[in-house]
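**Q** Just passing along the structure, written as structure tokens.
Just so it is clear, none of the values below were taken in a lab; they were calculated from the coordinates. Quantities reported herein were computed from a predicted structural model and do not represent experimental measurements. All Cβ positions, even for glycine, are placed from backbone atoms using ideal geometry, and neighbour counts span all protein chains on display.
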Amino acid sequence: MAKLSEKCSIQIPMEVINLVDDGKNPDDFTKDVLNGCIARNQVTKGKTDAFKDLRKHIMENLEETFPDEVEMYREIRANSAAEAKRVAQSQSVLPNGDAKVKNEL
């Protein structure tokens, strides 16, 4: 065990060690961390949805008032998105910024 421990570089959070010392299940730590992540994710999703709704509302009002300008704006956005996609594909980068990885089997 001593020889193997020299090659092992696993880091265990102190919270897990404290749970084990207290006779509790260390899975509680994982559950708490995941629940916290889910809660933050839901808050972020709510904010994102609110911004999408706001954008939609603004675009609807702008389109009623300035239909020609909104049409030009949409064309510019479409062209810009197409160009960004073309550049990303030529650089082996996905549109979300991730790099493409080749599977080597």
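**Q** Put +1 on the Cβ of each Lys and Arg and -1 on the Cβ of each Asp and Glu in the chain; which of ALA84, ASN41, HIS57 then has its Cα farthest toward the positive end of the dipole?
**A** Among ALA84, ASN41, HIS57, the one farthest towards the positive end of the dipole of the chain is ALA84.
**Q** Taking the structure as given and computing Cα Rg over 2.2 N^0.38 Å, which label from (i) 0.94; (ii) 1.93; (iii) 1.09 fits?
**A** Only one option fits the structure, namely (ii).
**Q** Count the lysine pairs in the chain whose Cα atoms lie under 24 Å apart, taking only pairs 8 or more positions apart in sequence or on different chains. Kindly include the intermediate steps, with their values, before the conclusion.
**A** On the way: LYS31/LYS45; LYS45/LYS56; LYS47/LYS56; LYS52/LYS85; LYS56/LYS85; LYS85/LYS100; LYS85/LYS102.
Close lysine pairs found across the chain: 7.
**Q** Pop out the ³J(HN,Hα) list for the range 40-54 in order, Karplus 6.51 cos²θ - 1.76 cosθ + 1.60 with θ = phi - 60°, rounded to Hz; leave Gly and Pro as x.
**A** For the range 40-54, the Karplus curve yields 5, 5, 5, 5, 4, 4, x, 5, 4, 4, 5, 5, 5, 5, 4 Hz.
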